[in-house]
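So the structure is just underneath, and the comments pick up after that.
Here, each number is a calculation from the coordinates, and none is a lab measurement. Everything numeric in this text was worked out from a predicted model, so none of it was measured. Neighbour counts run over all protein chains shown; Cβ positions are idealised from the backbone, glycine included.
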């Protein structure tokens, strides 16, 4: 085994939630007379909630962003109640790592409550010893802190970790943490600038990175 641990992003990497987030965001902003376009949404992918709010304020001007944020989270929660689909290969890869006894963690820009709800509704919570959320860190992605904290909580050297990400922001964070980075395409086209491997799905990315 060439790695001591594997660290995953959540949204868009393990879970097919980015499209759900677009729909919930459109509904939430529409309540406030605003339109969330696809180009604007794609700029928000992989970005933490504090930065998202700043970007929306810059785009739309002054609005009640506390209410918008609450409405967006409520819409996310409502859509998740119907179940959250996995990204292709997610369950197979996580099960393979479990059989091998490989430590695993989540490093996500989602808040704790949202991440826990998604993990529960997707039935993936059982796979993870450590879940690092936006609430756990001072500096969110693209800073390396989420990945460094995940490695520290697992008790492993970050340079001995494999990281899976979909967003360019997340790949930059994992790369800065010194990890081997597999970037799996989702809604945003990967630049590959901070990825050691570019993959179409999780299983092919795992193979590229030398997982068996």
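Some observations on this one:
- Placing dummy labels 7 Å off each Cα toward the beta-carbon, the span from residue 152 to residue 64 is 3.9 nm.
- In percent, rounded to a whole number, the relative contact order of the chain is 26, using alpha-carbon pairs under 8 Å and six or more apart.
- Gyration tensor verdict on the range 79-183 (Cα atoms; rounded if a/c is under 1.5, prolate if a/b is larger than b/c, oblate otherwise): oblate
- Helix 18-30 and the long axis of the chain differ in direction by around 20°, with both axes built from C-alpha atoms.
- Rounded tilt (10° steps) of 145-154 against the dominant C-alpha axis of the chain: 40 degrees
- The spacing between the range 1-21 and the range 170-212, judged by their C-alpha centroids, is 10 Å.
- Counting every other Cβ atom within 10 Å of each residue's Cβ, 66, 71 order from fewest to most as 66, 71.
- Shown for 161, 136: other C-beta atoms within 10 Å of each C-beta, ranked fewest to most, produce the order 136, 161.
- The range 18-80 shape via C-alpha gyration tensor axes, a/c threshold 1.5: rounded
- Nearest-ten-degree value, helix 65-80 long axis tilted from longest Cα axis of the chain: 60 degrees
- Residues of the range 23-67 with an amide N closer than 20 Å to a point placed 7 Å from the Cα of residue 138 along the Cα-to-Cβ direction: 48-51.
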